[in-house]
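Below: one structure, written as structure tokens.
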Amino acid sequence: MKILEIKTMSGPNYWSVSRHKLIVMLLDLEDMEDKPTNKIPGFLERLTALMPTLYEHRCSEGVPGGFFQRITEGTWMGHVIEHIALELQTLAGMDTGFGRTRETKDSGVYHVVFSYQEAKAGVYTAKAAVKIAQALVDNEPYDLEADIQNLREIREDERLGPSTGSIVDEAIKRRIPFIRLNRHSLVQLGYGINQCRVQATIASTTSSIAVEIACDKEETKNLLEASEIPVPRGRIIYDEEDLKNAIDKIGYPIVTKPVNGNHGKGATTNIRTWEDAVAGLAAAKVYGRSVICEKFITGRDFRVLVINYKFVAAALRTPASITGDGEHTIQQLIDIINSDPRRGYGHEKVLTAIKVDAFTMDILAKKEYTLDTILKKREELWLKPTANLSTGGTATDVTEMVHPTNVFMCERIARIIGLNICGIDIMASDLSTPLSESGGAVLEVNAAPGFRMHLDPTEGIPRNVAEPVIDMLYPPGSSARIPIIAVSGTNGKTTTTRLIAHIVKQMGYKVGYTTTDGVYIQNQMMMKGDCTGPVSAEFVLRDPTVNYAVLECARGGILRAGLGFHNCDVAVVTNVAEDHMGLGGIDTIEKLAKVKAVAAHTVFKEGYAILNADDDLVYEMHKDLDCKVAYFSLKEDSMRIKRHCAKGGIAAIYEHGYVTILKGTWKIRVEKVTNIPLTFSGMAEFNIANVLAATLATYVQDFKTEDIRQALQTFAPSPAFTPGRMNMFHFRNYSVMIDYAHNTHGLLAIGKFVKSVEASVKVGIIAGVGDRRDEDIISLGEAAAQVFDEIIIRQDKNLRGRTEEDIIELMTRGIHNIDPQKKIVVIKKESEAIDYAFSNAIKDSFIVITSDVVPDALEQVKQYKAKEDGVLM
């Protein structure tokens, strides 16, 4: 078996609109295509022995053991690999459940699709699942535990921590979108101008001064002490001499910790001897030159969480510990505790497994114990110096037990430091008594408190502490989103996108939009090139200046990684025509239509899908949509439109020379087509369709018709507004048009316009595209022969897997199928082809350049025009 390709989906996609995180593996079974599982002796027995938990997979049978039943009956290895991949992730603490395997047109080649939690883990799993299946087929041993551990490590390295993760989960519940901005804990909530950011549990609304104060433990202590908050006595030290002076002043027991420490790093508690004090000083200085030496307060370790200056939760923390039974060694007692199913690797479960480290060995050495020591009955031994959950500690929720006086004190502390999310460490006998009475003290204030102890306490009630964070960032009535209009289809996407963006901009919005030419923020090009995929969409949605997004969504990006957003307000589908057929497993026009429909499936329930009623495949999309639908049509007597509007629906049609909106039985004439520059006085029929789509998309967004009319009048086809889309240049003796038309449907569409142009001869500079099927290249040649009197065949810079000779031969064959006598000239380089056309242009001729690198062609034509006009460039 051989993996041909692995793609990582991260948004709505061809395989599933609702399941965004999918691995799509193209797998060639090779000779295994002839060996279903029932023809492989002992396969089921070996699989059951290696992964017995696969019994829970119901598969299509719908009952436990259903997958094993399928293996007994005989199923193909792609299906087996899908289930192995899902179970392998589950065993590594990443529970996933969606998968499907589909054959392609090529014998033995399958798409194996399965869900993932972390992309890197998903890719690893895809490769491992194939290796596991091969080992089972070959009856060879396989180290499954090594894969599981590797996946655990990838998971811990890649996933958001439990605190940040809980905030993101709460945002998702409220349909607030998020974007992970780096591979660590920096996350954007919301889009564009309405975004907020969180990093761990620090929010973009958190004061940087407050964070600075909290990170300086001495400064924090001074502020609290000045405000009559009980804190331990202590001082800053730098060396052993300072240490001795501090001990002389405050006496044993003491605590040493770095001034800028966090999460218990470098802290040593309950120091009672000079030797231990020197060791504690050294441990703290690993993290910084300045060290705090303060009185060790006896009592229990509590953490109080305050969010938006309101008390939210409190927990009692206990360091990792064991209790002797007079029989087992220390190591055995640790192993017994780690066998608790609630304990796992890293943050995968409520509790973290206890790991024997240098701190543990130091504690044992001080007591003259080893891991083989047997503790007496009921003897308790702390294995860590601090109570952090990440080192195996436990937490008990005590939220309901906190005395109102202590609640007031903690909320006051948050205000004193200025932290809107803060964790307050308190040492006291309990929190049900005011600290002034119990003799407790505030040890620290933390600027990025962990939420895990509150979300999943070992004992007590779990607290959804992420909820008040989202309440703080997005109070009732505020929005995390910006309007999004998505544009999909085969042809006309870019022009429609640009026109919609122009209309929206005219309404005063700060627009970000993506096209095949680049990414634009408020009409400034930020990225150049084909920017119609998810990365470009995210670029716009990340921009904090944007309050409206118009996103072109092309086939390639959807198949490669999915959409770059989860939902939109309006989705336009212009048309579906044969293009890129055979690429990415899309080998039928129906499959291509399914790709083009992905954006429409993401529209909010109250939003609109804008569909082309003249295109059968686009019109049929309405049957599967869960949103409102509006149609556009070039046919004023379209029965589809009439039926739709009879039910009170909205549509846009071209009737009596006008762009007209139909709202039930009412007609609203927006503008006469001859007054809309983009339509070339109505001669560019395909652009009339684009105008209808853009008009309808903005109308359903409650834009006024008079504003839409004005925007349509000011949007002129030009290199500035529509680069590479019917850009016209008039020379003294001939005229030139540059267009991006690159498929049969697009070429025939501009052909209708070319036929309406009066010219002595019509010359087309065209090229075949290497990654198309033979019949597609031939069809393009046939279309060119129908449109032009003379044809110059050039070549794209990227041949995409074919030879120049192959493409030219297919193009020529198509041209000759229509007219064997058609004049053909082959000039492979585009710039030279343009030079040839201009040098040999006869009077009143019309030259059409279909370019794949539009900026280069535009620049070359502009140079010719400047030269003719006597302008230096």
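Residue-wise test of (1) open to solvent by 30 Å² or more (accessible area, probe 1.4 Å); (2) free of Cβ contacts under 8 Å to residues at least 12 places away in the same chain; (3) over 30 Å from Pro457 (Cβ atoms).
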residue: Leu88; (1), (2), (3): no, no, yes
residue: Gly97; (1), (2), (3): yes, no, no
residue: Leu136; (1), (2), (3): no, no, yes
residue: Ile148; (1), (2), (3): no, no, no
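Consider Ile668 against the criteria (1) surrounded by fewer than 20 Cβ atoms within 10 Å (Cβ to Cβ); (2) of a type in the set (Val, Ile, Thr); (3) under 30 Å from Val109 (Cα atoms): it satisfies all of them except one. Which criterion is unmet?
So the condition that Ile668 fails would be (3).
Which pairs have Cβ atoms under 6 Å, sit 6 or more apart or on different chains, and link a residue in region 785-813 that is over 25 Å from Ala759 (Cα atoms) and part of a loop (DSSP other than H, G, I, E, B) to one that is open to solvent by less than 50 Å² (accessible area, probe 1.4 Å) and modelled with pLDDT of 80 or more?
Between residues of region 785-813 that are over 25 Å from Ala759 (Cα atoms) and part of a loop (DSSP other than H, G, I, E, B) and residues that are open to solvent by less than 50 Å² (accessible area, probe 1.4 Å) and modelled with pLDDT of 80 or more, the close pairs are Gln795/Ala767; Asp796/Ala767.
Looking at Thr588, Thr532, Thr574 in this structure, which one is surrounded by fewer than 16 Cβ atoms within 10 Å (Cβ to Cβ) and among the β-branched types (Val, Ile, Thr)?
Thr588
Restricting the search to region 173-201, which residues are modelled with pLDDT under 95, aliphatic (A, V, I, L, M) and under 20 Å from Pro468 (Cβ atoms)?
Across region 173-201, the qualifying residue is only Ala200.
Within region 755-785, take every residue that is modelled with pLDDT under 90 and of a type in the set (S, T, N, Q) and give me the one that is surrounded by the most Cβ atoms within 10 Å (Cβ to Cβ).
Ser779
Identify, by number, the condition in (1) part of a loop (DSSP other than H, G, I, E, B); (2) at pLDDT below 85; (3) surrounded by fewer than 15 Cβ atoms within 10 Å (Cβ to Cβ) that Gln821 doesn't meet.
Result: Gln821 fails condition (2) only.
Please determine, by comparing only the residues of region 226-251 that are at pLDDT below 90 and assigned to a loop (DSSP other than H, G, I, E, B), which one is surrounded by the fewest Cβ atoms within 10 Å (Cβ to Cβ).
The residue in question is Gly251.
Residues are listed down the side, and each one gets a yes or a no for (1) open to solvent by less than 50 Å² (accessible area, probe 1.4 Å); (2) of a type outside the set (D, E, K, R):
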residue	(1), (2)
Arg709	no, no
Leu712	yes, yes
Arg725	yes, no
Thr744	yes, yes
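Need pairs with beta-carbon distance below 8 Å; first residue under 19 Å from Ala214 (Cβ atoms) and within region 280-295, second polar (S, T, N, Q) and modelled with pLDDT of 90 or more; sequence gap 6+ or separate chains.
Going by the 8 Å Cβ cut-off, the qualifying pairs are Ala284/Thr256; Val291/Thr256; Ile292/Thr256.
If a residue has to be hydroxyl-bearing (Ser, Thr, Tyr), farther than 30 Å from Phe838 by Cβ and in a loop (DSSP other than H, G, I, E, B) to count, how many in region 680-737 make the cut?
1
Go through region 330-345 and give me each residue that's of a type in the set (A, V, I, L, M, F, W, C) and either open to solvent by 20 Å² or more (accessible area, probe 1.4 Å) or part of a strand (DSSP E or B) (or both).
Result: Ile336, Ile337.
Identify the single condition in (1) surrounded by fewer than 18 Cβ atoms within 10 Å (Cβ to Cβ); (2) within 30 Å of Tyr345 (Cα to Cα); (3) over 29 Å from the mean Cα position of the chain (by Cα) that Ile6 does not satisfy, given that it satisfies every other one.
All conditions pass for Ile6, except number (3).
Please work out if Ala126 is under 18 Å from the mean Cα position of the chain (by Cα), modelled with pLDDT of 95 or more, among the aliphatic types (A, V, I, L, M) and open to solvent by less than 30 Å² (accessible area, probe 1.4 Å).
Here the answer is no, as Ala126 does not meet what is asked.
Could you give every pair whose Cβ atoms fall below 6 Å, whose first residue belongs to region 850-871 and is under 20 Å from Val754 (Cβ atoms), and whose second residue is at pLDDT below 85 and surrounded by 13 or more Cβ atoms within 10 Å (Cβ to Cβ), counting only separations of at least 6 or pairs across chains?
Taking only residues 6 or more apart or on different chains, the pairs are Thr850/Ala741; Asp852/Asp796; Val854/Pro723; Val854/Gly724; Ala857/Ser851; Leu858/Pro719.
On the given criteria, is Arg155 out of contact with any His (no Cβ under 8 Å at 6 or more places or on another chain) and open to solvent by 40 Å² or more (accessible area, probe 1.4 Å)?
Criteria not met by Arg155.
Can you tell me which residue is farthest from the chain's Cα centre (by Cα) among those in region 297-315 that are modelled with pLDDT under 95 and part of a strand (DSSP E or B)?
Selected residue: Arg300.
Inside region 62-179, counting only helices (runs of 4 or more DSSP H) that do not spill past its ends, which hold 1 or more residues that are over 30 Å from Ser478 (Cα atoms) and of a type in the set (Gly, Ala, Ser)?
Answer list for region 62-179: 66-73, 77-91, 119-138, 144-158.
Conditions: (1) open to solvent by 70 Å² or more (accessible area, probe 1.4 Å); (2) within 25 Å of Asp774 (Cβ to Cβ); (3) at pLDDT 90 or above; (4) not in a helix (DSSP H, G or I). Lys843 meets all but one. Number of the miss?
Failed condition: (2).
Might you let me know whether region 541-551 holds any residue that is of a type outside the set (Ser, Thr, Tyr), open to solvent by less than 10 Å² (accessible area, probe 1.4 Å), out of contact with any His (no Cβ under 8 Å at 6 or more places or on another chain) and assigned to a helix (DSSP H, G or I)?
yes
Look at region 447-493 and say how many of its residues are at pLDDT below 95, closer than 24 Å to Ile213 by Cβ and open to solvent by 20 Å² or more (accessible area, probe 1.4 Å).
Total satisfying the criteria: 2.
Which of the following residues is more than 38 Å from the chain's Cα centre (by Cα), acidic (Asp, Glu) and surrounded by 21 or more Cβ atoms within 10 Å (Cβ to Cβ): Glu327, Glu294?
None of the others qualify; the one that does is Glu294.
If Met32 passes every condition in (1) modelled with pLDDT under 95; (2) open to solvent by 10 Å² or more (accessible area, probe 1.4 Å) but one, which one does it miss?
The single condition Met32 does not satisfy is (2).
Looking only at region 356-411, which residues are part of a loop (DSSP other than H, G, I, E, B), within 40 Å of the chain's Cα centre (by Cα) and over 18 Å from Thr323 (Cα atoms)?
Asp357, Asn388, Val398
With respect to Asp844, is the statement that it is farther than 16 Å from Gly764 by Cα and in contact (Cβ under 8 Å) with a residue 24 or more places away in the chain true?
No, not satisfied.
The values are calculated or read from the model by the stated rules, or taken from the named source; none is laboratory data. Source: prediction; values computed, not measured. Glycine also receives a Cβ, built like all others from the backbone with ideal geometry; neighbour counts cover every protein chain displayed. What goes into the accessible areas is simple: the full protein's heavy atoms, side chains included, and nothing from ligands, DNA or RNA. Shrake-Rupley method; radii C 1.70, N 1.55, O 1.52, S 1.80 Å.
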